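First comes the structure, then the notes that go with it.
Nothing in this text is a laboratory measurement; each read-out follows from the coordinates by a stated rule. Fair warning: this is a prediction, and the values are worked out from it, not measured in the lab. Backbone-built Cβ (ideal geometry, glycine too); neighbour counts: all protein chains shown.
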Amino acid sequence: MRILGIDPGFERLGIAVLEKNGGKECVIFSECFKTSAKLEFAERLKLIGAEVRKIIKEYKPEVLAIETLFLNTNQKTVMRVAEARGVAVYEAAQAGLKIFEASPPQIKIATTGYGRSDKAQINKMVKILVDIDESKKSDDELDAIAIALTAFAHLRF
């Protein structure tokens, strides 16, 4: 079973593909995909869609695991992240993937056992739960891995 985990964003998109064959989950791909602020927003969305489509085609996951949005004080940022998230969900739905959505507290509970964990605790547990290259230090990448781990914890295959 392969799961594509995405930490949504329009400047930085965390992407991870995890696989489970019986035992422990294994990261087979992860990256922090970046778009330039110099580009028009529509072009950034187009690049995000193309990257998600490319990852789906190459790694053939069965599930997209993606974080639900939480509202913060910057409404413009939330709306733009929602649009980038929509592009990822669209690409996954077009490819026939099952969509799994998890809230930030669900992700924290699945990875650390505590719903109010901070970023450092989540990142530490992700590195314990899966073998990953130490060069993988981007919070966005680690968040995408955590989201995929959450899907593995919740879904019954």
Handout entry: Antiparallel %, DSSP beta bridges [both residues in the chain], to 5
Key = 60 percent
Fill in the blank from the handout: Expressed in µm² per second, the diffusion coefficient of the stretch 26-106 from the Stokes-Einstein equation, with Rh the Kirkwood radius over alpha carbon pairs, at 10 °C and 1.306 mPa s, is 115 µm²/s
Exercise for the section: Amide H neighbours of residue 65 under 5 Å, at least 5 residues apart or on other chains, H built in the peptide plane: list them. Expected result: 4, 5, 6, 100
Practice task
Quick one: what are the phi-derived ³J(HN,Hα) couplings along the stretch 84-95, Karplus 6.51/-1.76/1.60 with θ = phi - 60°, whole Hz, x for glycine and proline?
Solution key: 5, 4, x, 4, 5, 5, 4, 4, 5, 5, 4, 8
Problem - Alpha-carbon centroids, the stretch 75-119 and the stretch 134-157: separation in whole Å - result: 11 Å
Problem - Across 46/124; 57/108; 76/127; 54/127; 76/108, pairs whose alpha-carbon gap is larger than 31 Å - result: 46/124; 76/127
Practice task
Using only alpha carbon positions, build the gyration tensor of the chain, then give the equivalent ellipsoid semi-axes as the square roots of 5 times its eigenvalues, largest first, whole angstrom.
Solution key: 23, 18, 14
Problem - Check: the stretch 104-157 dipole with +1 on Lys, Arg Cβ and -1 on Asp, Glu Cβ, in debye - result: 280 debye
